[in-house]
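To start, the structure itself, in structure tokens.
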Amino acid sequence: MNTDSLFRPFNLKSLNIRNRIVMAPMTRSFSPDGVPTDNVAAYYSKRAEGEVGLILSEGTVIDRPSSSNDANVPHFYGNEALAGWQNVVNGVHAAGGAMGPQIWHMGVMYNHASGWVPPVPFEGPSSLNNPNLENGRAMTESDIADTIAAFGRAAADAKRLGFDTVELHGAHGYLIDQFFWEGTNNRNDAWGGKTLPERSRFAIEVVKEVRKQVGEDFAVILRPVAMETIGL
Ligand SMILES: Cc1cc2nc3c(=O)[nH]c(=O)nc-3n(C[C@H](O)[C@H](O)[C@H](O)COP(=O)(O)O)c2cc1C
């Protein structure tokens with residue numbers, strides 16, 4: 001097998017990467033109280049020094065009171081956490097790498113083994129994490145509007161801090177994905193419905209808001225849905 005194409009540069013809008021090797025987002029839970037430390041910066045710089053083309057960060061949560069079930073998952077809001085991310089991206093760039101944060105809202109979750117819980121109940125399209133686990137509450141219209149705005153602010157901050165792209169975590173049963181599925185999205189309003197296109201409205205509105213905040217020339221990734229499948 002010829003692997004030459006893996007080592008060719010790739011360019012899309014703001015994203016200019018030296019090769020096509022991408023580090024997958026991986027939760028590490030080593031940001032105490034949500035703040036990425038020098039330790040986190042060193043971890044990512046090391047991967048850029050190893051010549052990874054694009055690094056996608058571990059999931060980093062948006063500015064909603066119950067967007068996380070883990071006190072050590074990094075925040076992507078607040079001065080202290082964003083200063084930590086600035087340090088991270090500077091280190092990656094200094095080593096010739098490119099990077100995007102994976103912005104995340106976990107939705108309705110199980111309680112973490114550490115015993116830590118967020119200050120308010122988990123939130124999602126319904127109170128369900130899956131058809132057999134209820135552990136939160138259904139979001140109101142204003143919760144949904146605020147969450148969409150929080151995704152937009154996080155994307156704008158990613159651009160402002162100098163990241164090369166931003167990835168929205170739309171997979172693995174977390175908030176955006178909870179809206180896609182009938183088993184967790186049992187809403188009767190305009191955010192739910194019998195068909196996938198109807199249940200895709202939340203993801204579509206998040207992508208639209210993110211695009212509005214970052215402009216046309218910034219690369220936006222949505223994991224894992226192909227944009228065409230939801231009409232974007
Ligand atoms: C420790 C660990 C943490 C992960 N955390 C995330 C995450 O925060 N966000 C995400 O989208 N995927 C996460 N994943 C999934 C990975 O991005 C990837 O899809 C998975 O490891 C399968 O990759 P592979 O097919 O190359 O083995 C995680 C995987 C591992 C092993």
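Rule-based calculations on the coordinates, nothing more; no lab input. Only a predicted model underlies this, so the values are computations on that prediction, with no experimental measurement involved. Glycine also receives a Cβ, built like all others from the backbone with ideal geometry; neighbour counts cover every protein chain displayed.
Taking other C-beta atoms within 10 Å as the exposure proxy, R64, R18 rank R18, R64 from fewest upward. For the chain, the 222 nm mean residue ellipticity estimated from helices alone, with every DSSP H stretch of n ≥ 4 adding -39500 (n - 2.57) and the total spread over all residues, rounds to -10000 deg cm²/dmol.
Relative contact order of the chain: 19 percent, from C-alpha pairs under 8 Å at least 6 residues apart in sequence. Once the chain from D143 to K46 is taken as fully extended at 0.36 nm per residue, the excess over their C-alpha distance is 31.1 nm. For the pair M1 and V117 in one chain, pulling the backbone fully straight at 0.36 nm per residue adds 36.9 nm over the alpha carbon distance.
The base-10 log of I(q)/I(0) for region 20-230, evaluated at q = 0.10, 0.12, 0.14, 0.17 Å⁻¹, reads -0.41, -0.59, -0.80, -1.15 [Debye formula, identical scatterers on Cα atoms, solvent excluded].
What number comes out for the charge environment of Y77, summing +1 per Lys or Arg and -1 per Asp or Glu over other residues with Cβ under 14 Å away? Intermediate values should be presented prior to the final figure.
Working: positive: R64, R153, R160; negative: D33, D63, E80, D146, D157.
Cβ neighbours under 14 Å give a net charge of -2.
Would you mind getting me the FRET efficiency between N130 and T195? Use the beta-carbon distance for r and R0 = 30 Å, nearest 0.05. Write down the numbers at each step before the final one.
Values: r = 20 Å, r/R0 = 0.68.
Computed FRET efficiency for N130 and T195 comes out at 0.90.
Considering only the other residues whose Cβ falls under 13 Å of the Cβ of S66, what net charge follows from Lys and Arg at +1 and Asp and Glu at -1? Spelling it out: positives minus negatives among the neighbours equals -3.
In the chain, the DSSP beta bridges split such that about 20 percent are antiparallel, to the nearest 5.
Centre-to-centre separation between the Cα atoms of region 1-64 and those of region 188-228: 23 Å. For K212, the aspartates and glutamates whose Cα comes closer than 16 Å to its Cα, not counting residues fewer than 8 places off in the same chain, are D146, D157, E167.
I need the helices of the chain that pass two filters: whole DSSP H segments spanning 24 Å or more by Cα along the axis, and mean Kyte-Doolittle score no lower than -1.0. Don't skip to the answer; put the middle values down first.
Values: long enough: 141-161 (30 Å, -0.03).
Helix filter hits for the chain: 141-161.
Within straight-line reach of K208, meaning a Cα separation under 22 Å, sit the following lysines at least 8 residues removed in sequence or on another chain: K13, K159.
Sort E205, E80 by Cβ crowding within 10 Å, fewest neighbours at the top.
In increasing order of surrounding Cβ atoms, one gets E80, E205.
Which of P101, G215, F122 sits farthest toward the positive end of the charge dipole of the chain, with +1 on the Cβ of Lys and Arg and -1 on the Cβ of Asp and Glu? About the Cα centre, the residue reaching furthest to the positive side is G215.
Note on D217 and D33: the model spin-label points, each 7 Å out from Cα along the C-beta direction, lie 3.9 nm apart.
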